[in-house]
Amino acid sequence: MPPSQSVALPLRGQFRALYQQLKRAGALARTPVVFCEGDSWFSTPLAMNLLDWIVSPAPQDEERGVPLLGQGGLFFRAERSGDCAARNPDDPKRSMFVRDNIDDLIGWYANFEFDLILLSAGGNDFVDGFLRRALGNRNGLSAQQAFQRVLDSGQYDTVRKAYALFLQAAIAARPGVPVLAHTYDYPLLIGRPGALTPGNLGVAALLKKSVGPWIGPNIAGIVENERPAFVRLLIDGFEQHVLRALKQDARFAAVFDYVDLRGTLTQPQQWFDEMHPTEAGFHALATKFRGVMLGKLPANKR
């Protein structure tokens, strides 16, 4: 494959067919094979998302010397917008790291020689219905008081245990394969819904009423000027109590890592809505993410 050409196949039959073709041609020795599971940061159709930029970098990236996958890559994409990492009490079918879904994914994943797993999971677990339940009908909360209610809810433990369930299964199926996740960045447009137009979503935009918001309406009980600080605490808590805790866990330390994307997107124009960057914003995140990703691949596949 040319340096900037990769293939993303969400259908298992298509992936299997191309994998076998590469194997017969002896090309797997130089082609990264990557398994992807995640949420809208990997799957949103509103623009080129984080994973889209990894799979299909812009031509100018190569001209600027941005690190690309040297031989292209074969990506299996299982991600879906709106999925939670742990069991979603509002919609159990939209849950990634639960036994039924894990068994389905790992039962298939174990049959191919993947070089890396990419994960984007956990953001949806801390918004919308969760925030409504955690903050309740309280008013006049400071950022710290509201965050304490999040801590007291045990949600970080719940999400960490869900990640751990998946990691245990992945390691058992293919020991030693690296797993790379990411933090989320600090939102700058709290309460801002996404603007749906045929230009950014095609005709599907005419069938959807809105995109969000998922945070703003659910934190009205927090003093207004404290709300940005609360959201930053929420993001920092995910890094500390989920991702960092997993990386420090002796069971997973040899394979699990994450990219800290906090503080990358500091301008409002880099955000599409309160939870999703614009295409340019995702491009900036992908440049950072790709560099770490390359370091996780076997040397002959970078």
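General observations
Residues are listed down the side, and each one gets a yes or a no for (1) in a loop (DSSP other than H, G, I, E, B); (2) under 29 Å from PRO178 (Cα atoms); (3) of a type in the set (Asp, Glu):
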{"residue": "GLU113", "(1), (2), (3)": "yes, yes, yes"}
{"residue": "LEU131", "(1), (2), (3)": "no, no, no"}
{"residue": "ASN137", "(1), (2), (3)": "yes, no, no"}
{"residue": "GLN145", "(1), (2), (3)": "no, no, no"}
{"residue": "ASP152", "(1), (2), (3)": "no, no, yes"}
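- Residue check, ALA134 open to solvent by less than 20 Å² (accessible area, probe 1.4 Å) and without any contact (Cβ under 8 Å) to a residue 24 or more places away in the chain: yes
- Filtered residue count, the stretch 218-250, keeping only those that are open to solvent by 60 Å² or more (accessible area, probe 1.4 Å) and either over 16 Å from LEU131 (Cβ atoms) or out of contact with any helix residue (DSSP H, G or I) (no Cβ under 9 Å at 6 or more places or on another chain) (or both): 7
- Test: residue in the stretch 273-280 that is among the β-branched types (Val, Ile, Thr), part of a helix (DSSP H, G or I) and open to solvent by less than 60 Å² (accessible area, probe 1.4 Å): no
- Check on ASP152, crowded, with 20+ Cβ neighbours inside 10 Å, acidic (Asp, Glu) and either more than 23 Å from PHE256 (Cβ to Cβ) or touching a Ser or Thr at 6+ places or on another chain (Cβ under 6 Å) (or both): no
- The residues of the stretch 165-186 that are open to solvent by less than 10 Å² (accessible area, probe 1.4 Å) and either in a loop (DSSP other than H, G, I, E, B) or in contact with a Lys or Arg (Cβ under 8 Å, 6 or more places away or on another chain) (or both), listed by number, are LEU167, LEU180, THR183, ASP185.
The values are calculated or read from the model by the stated rules, or taken from the named source; none is laboratory data. Just so you know, these numbers come straight off a predicted model, no measurement behind them. Virtual Cβ from ideal backbone geometry, glycine too; neighbours counted across all protein chains shown. Side chains are part of the model used for accessible areas, which takes the heavy atoms of the whole protein and leaves out ligands, DNA and RNA. Shrake-Rupley method; radii C 1.70, N 1.55, O 1.52, S 1.80 Å.
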